1. If only one of 83, 46 is in a loop (DSSP other than H, G, I, E, B) and among the charged types (D, E, K, R), which one is it?
2. Can you find a residue in region 119-141 that is assigned to a strand (DSSP E or B), touching a Lys or Arg at 6+ places or on another chain (Cβ under 7 Å) and not small (Gly, Ala, Ser)?
3. Which pairs have Cβ atoms under 9 Å, sit 6 or more apart or on different chains, and link a residue in region 51-62 that is farther than 16 Å from residue 90 by Cβ and of a type in the set (Val, Ile, Thr) to one that is modelled with pLDDT of 95 or more and exposed (fewer than 12 other Cβ atoms within 10 Å of the Cβ)?
4. Considering each of 7, 74 in turn, give the residue that is modelled with pLDDT under 80, closer than 29 Å to residue 132 by Cα and surrounded by fewer than 17 Cβ atoms within 10 Å (Cβ to Cβ).
5. Could you list all residues from region 216-229 that are in contact with a strand residue (DSSP E or B) (Cβ under 8 Å, 6 or more places away or on another chain) and surrounded by fewer than 16 Cβ atoms within 10 Å (Cβ to Cβ)?
6. Taking the conditions exactly as written (touching a Cys at 6+ places or on another chain (Cβ under 8 Å), assigned to a helix (DSSP H, G or I) and at pLDDT 95 or above), does residue 60 satisfy them or not?
7. Go through region 160-205 and give me each residue that's modelled with pLDDT under 80, surrounded by fewer than 17 Cβ atoms within 10 Å (Cβ to Cβ) and either of a type in the set (D, E, K, R) or touching a His at 6+ places or on another chain (Cβ under 8 Å) (or both).
8. Just to be sure I understand, how many residues within region 86-109 are under 21 Å from the mean Cα position of the chain (by Cα), touching a residue at least 60 places away in the same chain (Cβ under 8 Å) and more than 15 Å from residue 248 (Cα to Cα)?
Amino acid sequence: MFEEPDDDENPSERAATPEARAREKFDEFRMHAELAAVFEGPRKFEARLVPLDAEVARDVQRTMAKLEKSKVADTPLLPPASEDDARRLLNLPQKANLSTNDYHVHRRPGEVMIARWLRGDEVEWFYERLQAHFNAAMGQFREEERQQHGWKQDPETLKYLDALDTIDVKMADRYAREPIKTHRVFILSTQTADEMDIVHLTDYVMSVGPAAVVGEASVPPDDGATESDRAWFFKLFALRGMSEGEERMCFFTFMQKADESGW
C-alpha cells in the first residue's frame, strides 16, 4: 500500500525541507494506521459484517454530512449547536438496536455505506491498535531509510533522517482524546481517497474478501483485474465524544465505484 522510494533519489530533495519530507511520511503513516485500526475488526476482534437498514444508513449519511459542514473553521471540533446531532449518532446503537464493534453494511448499485460504533473498552482497544499500527510502520520506515541513505553522509540527508527520529506521536492526542474526556467536546475528522484499492482494504486489512463488502455484482474480476476495476472512491468519517459517562465512536464510510459519478 505504501509506495517505495526511488533508490536513486535523495529523500531530502523530495520536499521543501528535510523536516517537511519527514512530516509527509508521518501524515501518510497516520492515515494508514487509522485505516487499519478502523477496519481490522473481522481479523482481530471477531467483528461481523451485518446488514444495515436503508433508512438508518441514509440518516447516518445525512447527519454526518451536516456535522461536517458545521465544524469550526479549520478544525475537527463540532460547535455546541451540533452536539445534539453528534450525541444522537453516538447513541444510535441503543436506540436502533444495533450492535457495537460490528460493521453495518448497506449497498446500492456501485455504492456501499458502512457504519461501525465503538463504546467503552472497544474504544480503548481502538486506541491501542491505532498506536501500534503507527509505531510499526514508522519504525520500519526509519530503519529502511537509514539503511538506504545513511551512508551518504550529506547534511541534508542526515537532517532528514534526524527529523524522522524526532517523530514521537501519541495518536490519541491526534484524535483529541483528552479534550473529549475532559471538556466533553465532540470531534469529527474525515479521510478521503479518490481511488481506494478495494481488494487491499477487504483482503489485507479486513480479511473478508471484496464480495462481503461490495457485493458479488461489484467484485473485481478474479483474472486480469485492472487498477480501475479495483478503484473505489472512499470517504471515512470518524465521530468521537462522550455520552452517558463513557467514550463512544462512530465510523461511517461511504464508498462508490470510482468510474461512477461522485457523491
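1. Exactly one of 83, 46 is in a loop (DSSP other than H, G, I, E, B) and among the charged types (D, E, K, R), namely 46.
2. Checking region 119-141: at least one residue is assigned to a strand (DSSP E or B), touching a Lys or Arg at 6+ places or on another chain (Cβ under 7 Å) and not small (Gly, Ala, Ser).
3. Close Cβ pairs (under 9 Å, with a partner that is modelled with pLDDT of 95 or more and exposed (fewer than 12 other Cβ atoms within 10 Å of the Cβ)) do not exist here.
4. 7
5. Residue satisfying the conditions is 227 alone.
6. Spelling it out, residue 60 is indeed touching a Cys at 6+ places or on another chain (Cβ under 8 Å), assigned to a helix (DSSP H, G or I) and at pLDDT 95 or above.
7. Of everything in region 160-205, those that are modelled with pLDDT under 80, surrounded by fewer than 17 Cβ atoms within 10 Å (Cβ to Cβ) and either of a type in the set (D, E, K, R) or touching a His at 6+ places or on another chain (Cβ under 8 Å) (or both) turn out to be 162, 165, 168.
8. Matching residues across region 86-109 total 3.
The values are calculated or read from the model by the stated rules, or taken from the named source; none is laboratory data. Nothing here was measured: the structure is a model prediction, and the numbers come from that model. A quick note on method: Cβ atoms are made from the backbone with ideal geometry, for glycine too, and the neighbour counts reach across all protein chains shown.
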